[in-house]
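Asks: Here it is, the structure, as structure tokens.
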Amino acid sequence: MQFIFPLILIGALGLGVIILAWLGLSQRRRERKLSRLAYQMDMRFSASDPFALVKRYASSPLFQAGHSPRATNVIYGRFRGWLIKAFDYRFETGHGTHRLTHRYDVITAETNLSTPNVLLWNTKDNETPPLISLLLDRKINGWYSQGDADFANTLAEALDGFEGEMINAETFNGIIMIYIREHGKPSQIGNRIIKLVDALVKIQKSSIDPSD
């Protein structure tokens, strides 16, 4: 009987090592695939965050939610003329046994467009961070919204290419940002970058010709 506890402990430690090794391998595979995607899109990749993105986008409600925020696996550069950054983002809520980790794929476009502050939260995303849920006061199509009503409608219409995906969106200081819970496959991220750029063209056209 005295040998049972040490055997259980050794088994638990061995399982922990295996899990950590598997997580490390999965992360490296993801880094390689995202690096390849960046190359294919004539962009650049960094496994770490070279832009201090958490601080850079600190005014975003998403980046103000929770604690212990971190951005990794950053794809960046110009795509079809737009300055794009796509990255894995996570933050935590709660502490101890009540700690939860929230993971998002985030894609941003830093533009010279005049964009009022707007937040669109997908009605199918039922894990709204507490801070964000306090800001939502209207509903537009498949989003709850906050901010300038006219531009919220413009943004929602421009994002129609994302129909079927639980995309959330916001704009602030000329930045247009979309994000979705969980880390998508590289192919999904590539498609979302393309769809975001298509949406940017629509928004740009709308700002030039409001009657369109």
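The values are calculated or read from the model by the stated rules, or taken from the named source; none is laboratory data. Owing to the predicted nature of the structure, the values given are computational and were not obtained by experimental measurement. All Cβ positions, even for glycine, are placed from backbone atoms using ideal geometry, and neighbour counts span all protein chains on display.
Asks: If you scan region 128-151, which residues turn out to be within 15 Å of ILE178 (Cα to Cα), at pLDDT 80 or above and part of a loop (DSSP other than H, G, I, E, B)?
Replies: Within region 128-151, just GLY142 meets the criteria.
Asks: Run GLY161 past the list (1) surrounded by 16 or more Cβ atoms within 10 Å (Cβ to Cβ); (2) in a strand (DSSP E or B); (3) without any contact (Cβ under 8 Å) to a residue 40 or more places away in the chain and report the number of the one that doesn't hold.
Replies: So the condition that GLY161 fails would be (2).
Asks: Tally the residues that are surrounded by 14 or more Cβ atoms within 10 Å (Cβ to Cβ) and touching a Leu at 6+ places or on another chain (Cβ under 7 Å), restricting the search to region 164-183.
Replies: 8
Asks: I need the full set of residues from region 79-89 which are out of contact with any Phe, Trp or Tyr (no Cβ under 7 Å at 6 or more places or on another chain) and within 20 Å of GLN27 (Cβ to Cβ), in order please.
Replies: Within region 79-89, ALA86, PHE87, ASP88 qualify.
Asks: Taking the residues in region 147-168 that are of a type in the set (S, T, N, Q) and in contact with a helix residue (DSSP H, G or I) (Cβ under 8 Å, 6 or more places away or on another chain) as candidates, determine which candidate is farthest from GLN204 (Cα to Cα).
Replies: Quick first cut of region 147-168, residues of a type in the set (S, T, N, Q) only: 153-154, 168.
Checking which are in contact with a helix residue (DSSP H, G or I) (Cβ under 8 Å, 6 or more places away or on another chain) leaves us with 154, 168.
Details: THR154: 10, ASN168: 20 Å.
It comes out as ASN168.
Asks: Residue under question is ALA156, and the condition is that it be over 23 Å from MET41 (Cβ atoms), assigned to a helix (DSSP H, G or I) and in contact (Cβ under 8 Å) with a residue 12 or more places away in the chain; does it hold? Lay out the reasoning, then the answer.
Replies: Working: over 23 Å from MET41 (Cβ atoms): yes; assigned to a helix (DSSP H, G or I): yes; in contact (Cβ under 8 Å) with a residue 12 or more places away in the chain: yes.
Criteria met by ALA156.
Asks: Going through TYR76, TYR57 one at a time, which residue ends up being within 25 Å of ARG30 (Cα to Cα) and either loosely packed, with under 12 Cβ neighbours inside 10 Å or free of Cβ contacts under 8 Å to residues at least 60 places away in the same chain (or both)?
Replies: On inspection, the qualifying residue turns out to be TYR76.
Asks: Please work out which residue is farthest from LEU135 (Cα to Cα), limiting yourself to region 171-202 and to residues that are hydroxyl-bearing (Ser, Thr, Tyr) and in a strand (DSSP E or B).
Replies: The residue in question is TYR179.
Asks: In the list SER68, SER26, which residue meets the criterion of being within 21 Å of the chain's Cα centre (by Cα), at pLDDT below 90 and surrounded by fewer than 17 Cβ atoms within 10 Å (Cβ to Cβ)?
Replies: Answer to the check: SER26.
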